[in-house]
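Read through the structure below, which is laid out as C-alpha cells, and then see the notes.
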Amino acid sequence: MKVNVHDAKTRLSELLSRVESGEEIIIARAGRPVARLVPVREKARERIAGTAKGKVKIGKDFEKPLPESILREYEA
C-alpha cells in the first residue's frame, strides 16, 4: 500500500495495525516514495548447546541405510 505523508500522519494507528498483520506500507512525498513501514522481525534467540540433553533419543539403527522404498522418494 502507498500513502502520502499527510495520510500517514492522520492514519498512523491504522497503518501500524496493518503493518503488524504483515502488510508493507510505502510513504510518499509528492508521489515519490521516501520511507517503508515493515514489521519488525524478532532476532532469533542464540542457541545454547546441551539444552536438549536427555530429551533426544537416537536409535541404534540411525546409521543403517534407508530402505529402497524411501530412497526412491528422494530420487523422484
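Listed by chain and number, the lysines placed with their C-alpha closer than 22 angstrom to that of Lys2 amount to none; residues fewer than eight positions away on the same chain are left out.
Hey, of (1) 32; (2) 68; (3) 56, which did the structure itself give for percent of Cα pairs over 17 Å apart when calculated? Among (1) 32; (2) 68; (3) 56, the one calculated here is (2). Taking the DSSP bridge list for the chain and keeping only pairs wholly inside it, about 60 percent are antiparallel. Between Val34 and Ala49, the simple spin-label model (points 7 angstrom out along Cα→Cβ) gives 5.1 nm. Mean separation of Cα pairs under 8 Å and 6 or more residues apart, divided by the residue count, gives the chain a relative contact order of 22 percent.
Where a number appears in this text, it was derived from the coordinates with a stated rule and is not lab data. Please read all numbers here as calculations on a predicted model, not as lab measurements. Cβ atoms come from the backbone with ideal geometry, glycine included; neighbour counts cover every protein chain shown.
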